[in-house]
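Data block below; observations after.
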Amino acid sequence: MSNTPDNPKISSLEDLLAVAYQIEIDAVERYNVLADQMETHNNPELVKIFRDLARAEGIHGEEIRRLAGDFDVVNHARQIAKFGRRESPEEAELGSAHYMMTPWHALQLSLAGEKRALTYFSFVVETATDPKVKALAEDLVEEEAEHVTLVNRLLRRYPPPKDSWAEDLDPPVSQE
Amino acid sequence: MSSVSTRLAHKPADYKSDLKPIWCPGCGDYHVLMSFTRAFAQLGLAPEKIAVISGIGCSSRIPAYTNCYGFHGVHGRSLALAAGLKVTRPDLTVVVASGDGDGYSIGGNHFLHACRRNIDMTYVVMDNRIYGMTKGQPSPTTEPEFDTALTPGGSGVAPFHPLVVALASGANFIARCFSGEPNETADVLAAAITHPGFSFVEILSPCVTFRPDQKEWKELVRPAPVVATNDQGKAARRLMTDDGFNLGVLYRGDRVPFQPAVGASDTDLSVLEKDFEL
């Protein structure tokens, strides 16, 4: 996936910081949208999980902003961090949400996002010509790999649900 | 087009209201809302200079979720409302949101004449080929064999082809998007808004509740293998042979938009009032 023209062009350390920042911020926004959906559909356990995930991604975003120092990473991100037809790598897939989804589903969405981010930063490592960009991209790869491990560890707490997880005793039905 | 500094002055979040959408989780309309706000931010439009007009249905809830001016109108009548607004307030960016039931069935006649009039506004139809809000009746774009409780074995009626109808009726810009590609959809919406005249954008927006089969749309959609044309004949051939999953701008016409002169009326209202006196 990373080897497509949809990836933002990374020409400098500033570009990479901006894209890495935007990836985290997009993830925050997406998890909050999902938390709002679960709130509306009275699934409090999932509200908490999505809010926690949003908070975690927000902390990562803040760390990147701090790393950028005086450089205005927020503004630069808005100009260059575009992923074309695809969404930002860590944005959880909205179309996979379900009002009766379980923590396992939420963590699967998160895992998929972390893996996409890992693939993306690995691509930056492979293609970077500037040693500083390469070094930062390697750090980001390492960080995303840690997140993958962390989500996998969390998944041990939440085994896959039964096949009947979406069975609703009062389902939406076609009008008779 | 606004300057770079103006464009950067607005973030997509600036166009969102505090109301949380009540669509079903997984609904394509969440992505469409995202595309609206991204397109507005991309164009640097001030929220108070945009009016989002709608009719009735799941898709028509969108004005409430934006921070722009909005009007959640009567079933199928969004285009009539929007046309009235745009001719009297040409300074506003008017975007109309509808669904396949609201827009093609109840509002079908307005659709034809809105295309024909070519008033400078953008009509977005979120097509999920079902009436979702009223729990799953077939709409004008439902496949003939699609089985519902109301139409066992399918309706047996061939679906309406909105893009062909739009072209034949005079729409000046025709595009198709997929809700699952919000960035691309935002770009198309921005192009539709800036194109003069009546722009029609069909967005394939899956209904996860009544049409779970539409999850496969993600695998079926692809960028149209052709660039937009301004040749109606060529566009007609393309659209007539299209399988419904080619995405992008498919037609860009060059008709001059209809915009009556706005100003003080010559009619003395007191004369009219007298005529209607009981």
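Points to keep in mind about this one:
- Segment A:13-158, relative contact order in percent, only Cα pairs under 8 angstrom and at least six apart counted: 27 percent
- Charged side chains reduced to their Cβ positions (Lys and Arg at +1, Asp and Glu at -1) give chain A a dipole of some 240 debye around its Cα centre.
- On Cα atoms only, tilt of A:103-127 relative to the major axis of chain A in degrees: 20 degrees
- Note on segment A:69-112: with charges restricted to the Cβ of Lys and Arg (+1) and Asp and Glu (-1), its dipole about the Cα centre is near 200 debye.
- Compared with the direct C-alpha span, the chain from A:SER12 to A:ARG55 gains 12.7 nm at full extension, assuming 0.36 nm per residue.
- Three-way shape label, segment B:4-275, alpha-carbon gyration tensor, a/c 1.5: rounded
- Of B:GLY101, B:GLY55, B:GLY73, the residue with the greatest mean-square motion in the GNM of chain B, using alpha carbon springs below 10 Å, is B:GLY73.
- Dipole axis of segment A:13-158 (+1 Lys, Arg; -1 Asp, Glu on Cβ), positive-most option in A:ALA18, A:ALA68, A:TYR120: A:TYR120
- Positive-end extreme of charge dipole, the protein assembly as shown - chosen from A:SER88, A:VAL148, B:VAL271 (charges on Cβ): B:VAL271
- For B:SER17, the residues whose amide H sits under 5 Å from its own are B:THR66, B:ASN67, ignoring neighbours fewer than 5 places away on the same chain, with H placed 1.01 Å from N.
- Label-point separation, A:ASP70 to B:ALA168 (7 Å along Cα→Cβ), nm: 6.6 nm
- Summing +1 for each Lys or Arg and -1 for each Asp or Glu among the other residues whose beta-carbon sits under 14 angstrom from that of B:ASP102 gives -1.
- Most mobile listed residue (B:PHE160, B:PHE40, B:PHE111) in chain B, GNM with C-alpha springs under 10 Å: B:PHE160
- Beta bridges per DSSP, both residues in segment B:4-275: antiparallel share near 15 percent.
- Degrees between helix A:13-40 axis and first principal axis of chain A (Cα, 0 to 90, nearest 10): 10 degrees
- Between A:THR149 and B:ARG237, the simple spin-label model (points 7 angstrom out along Cα→Cβ) gives 6.1 nm.
- Cross-link table B:LYS49/B:LYS86; A:LYS48/B:LYS20; A:LYS9/A:LYS82; B:LYS20/B:LYS135; B:LYS16/B:LYS135, entries beyond 19 Å C-alpha to C-alpha: B:LYS20/B:LYS135; B:LYS16/B:LYS135
- The modelled label-to-label distance between A:THR127 and A:TYR158, using points 7 Å beyond Cα along the C-beta direction, is 3.3 nm.
- Evaluating 6.51 cos²θ - 1.76 cosθ + 1.60 at θ = phi - 60° for every residue in segment B:52-69, the Karplus couplings come out as 9, 10, 9, x, 10, x, 4, 4, 6, 7, 4, x, 5, 8, 10, 9, 8, 5 Hz, glycine and proline recorded as x.
- Comparing B:VAL201, B:VAL221, B:VAL124 in a Gaussian network model of chain B, where Cα atoms under 10 Å apart are tied by springs, the biggest mean-square fluctuation is seen for B:VAL221.
- Put simply, the amide H of B:GLY70, placed in the peptide plane, has neighbours under 5 Å in B:VAL52, leaving out anything fewer than 5 places away on its chain.
- Per-residue Cβ neighbour counts within 10 Å put A:THR102, B:THR122 in the sequence A:THR102, B:THR122, beginning with the fewest.
- Shape of segment A:18-89, Cα gyration tensor, a/c cut at 1.5: oblate
- For A:ASP36, B:ASP266, A:ASP72, the sequence from fewest to most other C-beta atoms within 10 Å is B:ASP266, A:ASP72, A:ASP36.
- Taking other Cβ atoms within 10 Å as a rough exposure proxy, B:LYS86, A:LYS9, B:LYS218 sort from fewest to most as A:LYS9, B:LYS218, B:LYS86.
- Using Cβ point charges alone (K and R +1, D and E -1), the dipole size of chain B about the Cα centre works out to roughly 440 debye.
- Fully extending the segment from B:LYS20 to B:ASP213 would add 66.8 nm, taking 0.36 nm per residue of separation and subtracting the current Cα-Cα distance.
- In this structure the amide hydrogen of B:TYR131, modeled in the peptide plane, comes within under 5 Å of the amide hydrogens of B:GLY136, B:GLN137, B:SER139, none closer than 5 places in sequence on its chain.
- Computed lengthening from B:ARG116 to B:ASP266, 0.36 nm per intervening residue step minus Cα-Cα distance: 51.3 nm
- Positive dipole terminus of the protein assembly as shown, leading residue within B:VAL96, A:ASN7, B:LEU204 (C-beta point charges): B:VAL96
- Kirkwood radius, segment A:92-142, all distinct C-alpha pairs, inverse of mean reciprocal distance: 12.4 Å.
- Coupling constants for segment A:66-83 follow from the phi torsions by the Karplus curve (6.51 cos²θ - 1.76 cosθ + 1.60, θ = phi - 60°), and in residue order they are 5, 4, 6, x, 7, 5, 7, 5, 5, 5, 5, 4, 5, 8, 10, 7, 10, 10 Hz; glycine and proline get x.
Rule-based calculations on the coordinates, nothing more; no lab input. Quick caveat: nothing in here was measured; it's all calculated off a predicted structure. Please note: Cβ atoms are built from the backbone with ideal geometry, for glycine as well, and neighbour counts cover all protein chains shown.
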